[in-house]
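The values are calculated or read from the model by the stated rules, or taken from the named source; none is laboratory data. This is a predicted model, so every value here is computed, not measured. Every residue, glycine among them, receives a Cβ derived from its backbone with ideal geometry; neighbour counts consider all protein chains shown.
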Amino acid sequence: MRLYITLLLAALATLAAVLLGVWWAPFAVGVITGAVVGRARVAIPAGAVIGFLSWLVPLAVAHGRYGLGPTAQALAAIMGFDHQPLVPIVLTLVVGTLLGLTGAWLGTSVRGVVAPSARVDAARNR
Amino acid sequence: MCGVTAEPAVAERPAAPAIAPARRPGRRPGALRVLNLLGAVVVSAAVLYAAFFPAPGLPALGPAFNPVTGGWTMAADAQVTDRSFRLAGLEQPVRVLFESDGTAHITARTDHDLFLATGYVHARFRLFQMDLMRRQGAGRLSEVVGKAALDSDRFELQLGLLKTAQLEWQQLPASDPGHDVLLAYAQGVNDRIDEARSTHTLDAMFSLLGYEAKPWTPVDSLLIKGDMTQTLNFTDTPLAMALLTKSLGADLANEWFPTLPPNQQSPYDTGPYARPAVAPIEQMPPPAEMLSGAQPLYDRMAALPAGLISRGGASNNWAVAAGKSASGGALLAGDPHLHLTLPAIWFQLSMESPGYHVAGVSIPGTPVVLIGHNEHIAWSLTDAQNQQTFFYVEKEDAAHPGMYFWKGDWKAYTTLSYDIPVLGGATEHLKVRWSVHGPVISQRGQTTSVYWTGNLPSQDLSVLLAIDRASDWGDFTRALRGWLSPTHNFVYADDRGNIGLISAGYYPQVAKGQPWLPMPGTGEYDVIGTIPFEDIPQDYNPPANIIWSANQRQVTKDYPYYIGTTTNFFDEGYRANEIHRVLSRPGKLSAADMQALQTDTRDFLAAQIVPVLLRSLAKEQLNATESAAVDLLKGWDFRMDTGSAAASVWWYFWGYYVFEVFEPWWKSRAVKVDKDDVWGALTQDLETWTLKDPENRAFNAPGVGPRTGPDAQRKTFHKVIADLSKGLGSDPKSWAFGRVHQRVLENLAQVKGLNYGPRPDGGDANTPLAAGGYPSTHGPSWRMVVDWGSRTFQGVFPGGESENPASDWYTNRVDTWFAARLDPMLTAEGAAATRGAKSWEAHP
């Protein structure tokens, strides 16, 4: 339960920060989450999902309020992908996901080096 | 760390035997962890680098694409809803009403608030455009786009736009109405910048390019005015003339590029003219050194981005007095032709306050209505095209380093230093030297400085404010006494049936020399003044009840002052001739006639030349395709319509004909001037020879043997038909002009995907519906028709009010413009009653 609460808090904190304009929050929170959770197999997918959601939710809300079709088309045109509005959408979500994923990975790997016994303890407690 | 071992989710599971992590033989767990960390660091660094820093062709991904402050904010920015908000600096509440097409109507209780709100509205919809324009003038484009803009920045700082704008602001008295207007306007812009920052709604292009808008200042508004002056009247023509004289020889250069036009013209001011207050120019043969150093500078200017050098103008305006108007009131029509961009150069609005009741179009970044009407008068403008750029070769020697010889003495250059920050590169340090003539813009081979009227500190914005308030011809012309540059043909019509036209601005006069060439900078050839205001081209209530301008030479050969040559300074005259022809017909004219004439596609040159061509071909052996093309030309009404196949034949014929006659000369004399730069003069020559002098020596070009004009026409015709058959098929009837002639509205940030078009359209460079070039990117940037009899005002520009490509107001007026329709220019009250109008209430 504590893990779920940790991840939920991380997700909420990330979303709140992104909404305030701190777009790199998935990375920063990912680092902390990774360090706290410790287990790469849990922390890294969780970081990726948190990153993905924290950029997806505002995008979805904006789509609901304003409609993102013309904006996606404009961004695609600016990027040189005329008439392919999915490109900026995918790119946006990939960036959010990567920020969360790499942050969590960095967090777990730092912890793995700085406090390796914690991993062993965790394994022993399973 | 202990939290991990006490993890409830783990602790609640049945205890499992402690198993050491599987590992490959020979590898220690510690090494794996370090490798894992290294991998994480490297990948994280790569992701963070791509997120935070731009790469070639890619913006920094984080700020550019994040959903809250990145490019996606375009979606929210595209929405305009009713709102009530605080605006710092207001004295009283202000109401801004938007029609469903985006036209803004600003109503304020004080003049200060009117201009503050105008700044806010401009910035709300055009901040990125405004920023680009001020950066261009200030030589600061490289700071945001990198070294690709370095040549432009260097040139702009050398030319002196920033220096001039700063001087203009310093010299503007605090008592001048323009002083407070510029300050209020700047505050409005800065209010919007602050709001956009705090609400993360800065235009998406800022986030995509990764920078923020700096605060706006009055100097920025003056810089934008400087940009417009430059694009309309800073020319390199004396350099081209020097190269032409050097390569063709003085006799051919003087014959082909004369001061006075050789062809039929329609000047609007036919005299009689006053005696000259300045003595006529004393001409002397150009010293050889004046011709020798032009090439490097000409080449440098040719390589500059479009818009920095004026390549000739193209705009129309005219007025019809009450006596010839079907409505009984004066009529006025204006369509300034500019580079057609998205967003457009224009922002349409009406401005209401105790001191101002004006409607029309403004240039974002400047606080005035430039073309429009108030309660009593309407006005529009075209470029007057007189020579405003003069080049001087400074005399220097090794014994006087850092000095130049002027009026018998050695003078030290004034030196200004600038830093040009470059995105992704080192800051460039630039030193600019100034002589008495102006900035030194070339030191390769010889030191050349340039006198440009755009560098004369002016109070032209105050003049425009006075025009916005004028109520009759007296007010109008009194205001224009102060106008310097660029010279414009200001057309006028008022609610009492009067019309007028005045080509206001600065007309530099030199004591002697040949100002169409670079001149010695030793003092004898300096600009000594301007034409007195009373003597500049103008007319008021002419007996014919019509008045018109289309960049043609405004005066006849009897005009006593030098104002420029045929080479680029004045239009060839075909649009003016056509407008004059239509307006001069018997009978009354209506607003609908004005509208039709603005989109008239009749090519005056074609109407003159095609009959001659048909005569030349009368006895020529033609194949079936050629005969069919001749039949098309025989039945043609000379209109460059998209469905006309004959228009295609003519269009290609004239281009090929100019090439056929002049290219052998260019080759044999090694002329290093682009023919496009002197196309107007060549066209006038060829027209004149074709009509009146078919045995002119120009047809006997070196290497082609003796021939006449008709011989050249026949050869050209065969080649054109062969090429058109190859490109468009063998049936000439299918060669619709729309297949070869299209327009493109180009995105201002040069993002091709945000262009509009190409879309077929009629017209060419000679028709009132101006559409030169292929694809055509230049043309009527705003069409306005005023009928004081019915008090109806109409207008349209290609594009929309918003620079946001996700907004409905990005291109919503394009179809109306292409269809040659106009939208009513409503008052604020009228707009409030329309469907879909939105209202903003701004409070102090």
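Before moving on, here are some points about what is shown:
- Hey, residue B:141 at pLDDT 95 or above, within 30 Å of residue A:64 (Cβ to Cβ) and touching a Lys or Arg at 6+ places or on another chain (Cβ under 8 Å) or not: no
- Scanning the stretch B:668-711 for residues that are assigned to a helix (DSSP H, G or I), more than 32 Å from the chain's Cα centre (by Cα) and not β-branched (Val, Ile, Thr) yields B:668, B:689, B:691, B:692, B:697, B:698, B:699, B:709, B:710, B:711.
- Flag if residue B:516 is touching a residue at least 24 places away in the same chain (Cβ under 8 Å) and not in a loop (DSSP other than H, G, I, E, B): no
- When the stretch B:61-88 is filtered for residues that are of a type in the set (A, V, I, L, M, F, W, C), outside any loop (DSSP other than H, G, I, E, B) and either at the interface with another protein chain (Cβ under 7 Å from one of its Cβ atoms) or more than 21 Å from residue B:189 (Cβ to Cβ) (or both), the ones remaining, listed by number, are B:61, B:64, B:65, B:74, B:75, B:76.
- Qualifying residue in the stretch A:63-76 (condition: hydroxyl-bearing (Ser, Thr, Tyr) and under 13 Å from residue A:101 (Cβ atoms)): no
- Qualifying residue in the stretch B:359-367 (condition: modelled with pLDDT of 95 or more and more than 26 Å from the chain's Cα centre (by Cα)): no
- Qualifying residue in the stretch B:601-614 (condition: within 32 Å of the chain's Cα centre (by Cα), modelled with pLDDT of 95 or more and assigned to a strand (DSSP E or B)): yes
- Selection status of residue B:107, assigned to a strand (DSSP E or B), at negative phi and among the polar types (S, T, N, Q): yes
The rows are residues; the columns are (1) at pLDDT below 95; (2) more than 9 Å from chain B (Cβ to nearest Cβ); (3) surrounded by fewer than 24 Cβ atoms within 10 Å (Cβ to Cβ).
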| residue | (1), (2), (3) |
| --- | --- |
| A:3 | yes, no, yes |
| A:6 | yes, no, yes |
| A:27 | no, no, no |
| A:43 | yes, yes, no |
| A:48 | no, yes, yes |
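- The single condition among (1) surrounded by 21 or more Cβ atoms within 10 Å (Cβ to Cβ); (2) in contact with a Gly (Cβ under 7 Å, 6 or more places away or on another chain); (3) modelled with pLDDT under 95 that residue B:202 does not meet is (2).
- Taken together, the residues in the stretch A:62-93 that are small (Gly, Ala, Ser) and either in contact with a Phe, Trp or Tyr (Cβ under 8 Å, 6 or more places away or on another chain) or under 18 Å from residue B:59 (Cα atoms) (or both) amount to 6.
- Test: residue in the stretch B:783-793 that is under 24 Å from residue B:320 (Cβ atoms), at pLDDT 95 or above, of a type outside the set (A, V, I, L, M, F, W, C) and under 17 Å from the mean Cα position of the chain (by Cα): yes
- Inter-residue pairs, beta-carbon under 7 Å, first at pLDDT below 95 and in the stretch B:423-434, second buried (at least 17 other Cβ atoms within 10 Å of the Cβ), 6+ apart: B:423/B:142; B:423/B:143; B:423/B:144; B:423/B:145
- Residue match in the stretch B:394-410 (condition: closer than 30 Å to residue B:180 by Cα and modelled with pLDDT of 95 or more): no
- Among the residues of the stretch B:313-344, the ones that are assigned to a loop (DSSP other than H, G, I, E, B), touching a Phe, Trp or Tyr at 6+ places or on another chain (Cβ under 8 Å) and crowded, with 24+ Cβ neighbours inside 10 Å come to 4 in all.
- In the set (1) farther than 28 Å from residue B:56 by Cβ; (2) more than 8 Å from chain B (Cβ to nearest Cβ); (3) crowded, with 24+ Cβ neighbours inside 10 Å, residue A:16 fails one condition alone, (3).
- Residue within the stretch B:499-518 that is out of contact with any Lys or Arg (no Cβ under 7 Å at 6 or more places or on another chain), buried (at least 23 other Cβ atoms within 10 Å of the Cβ), more than 27 Å from residue B:791 (Cα to Cα) and of a type in the set (Phe, Trp, Tyr) present: yes
- Those residues of the stretch B:108-122 which are within 30 Å of the chain's Cα centre (by Cα) and surrounded by fewer than 24 Cβ atoms within 10 Å (Cβ to Cβ), in sequence order: B:111, B:112
- Positions within the stretch A:79-95 being in contact (Cβ under 8 Å) with a residue 12 or more places away in the chain, within 7 Å of chain B (Cβ to nearest Cβ) and not aliphatic (A, V, I, L, M), in sequence order: A:88, A:92
- Looking across the stretch B:315-352, the residues that are within 19 Å of residue B:99 (Cα to Cα) and in contact with a Leu (Cβ under 7 Å, 6 or more places away or on another chain) come down to B:343, B:351.
- Looking only at the stretch A:58-78, and only at residues there that are in contact (Cβ under 8 Å) with a residue 12 or more places away in the chain and more than 8 Å from chain B (Cβ to nearest Cβ), the one that is nearest to residue B:749 (Cα to Cα): A:72
- Scope the stretch B:746-769; condition within 18 Å of the chain's Cα centre (by Cα) and either surrounded by 24 or more Cβ atoms within 10 Å (Cβ to Cβ) or among the polar types (S, T, N, Q) (or both); matching residues: B:747, B:750, B:755, B:764, B:765, B:768, B:769
The rows are residues; the columns are (1) within 14 Å of chain A (Cβ to nearest Cβ); (2) free of Cβ contacts under 8 Å to residues at least 12 places away in the same chain; (3) in contact with a Cys (Cβ under 8 Å, 6 or more places away or on another chain); (4) part of a helix (DSSP H, G or I).
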| position | (1), (2), (3), (4) |
| --- | --- |
| B:155 | no, no, no, yes |
| B:158 | no, no, no, yes |
| B:164 | no, no, no, yes |
| B:175 | no, yes, no, no |
| B:189 | no, no, no, yes |
| B:193 | no, no, no, yes |
| B:205 | yes, no, no, yes |
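- Residues that are of a type in the set (A, V, I, L, M), touching a Lys or Arg at 6+ places or on another chain (Cβ under 8 Å) and farther than 18 Å from residue B:234 by Cα number at least 3 in none of the strands (runs of 3 or more DSSP E) confined to the stretch B:360-458.
- Only a single item in (1) surrounded by fewer than 19 Cβ atoms within 10 Å (Cβ to Cβ); (2) more than 20 Å from residue A:79 (Cα to Cα); (3) at pLDDT 90 or above; (4) facing chain A (nearest Cβ under 9 Å) is not met by residue B:42, and it is number (4).
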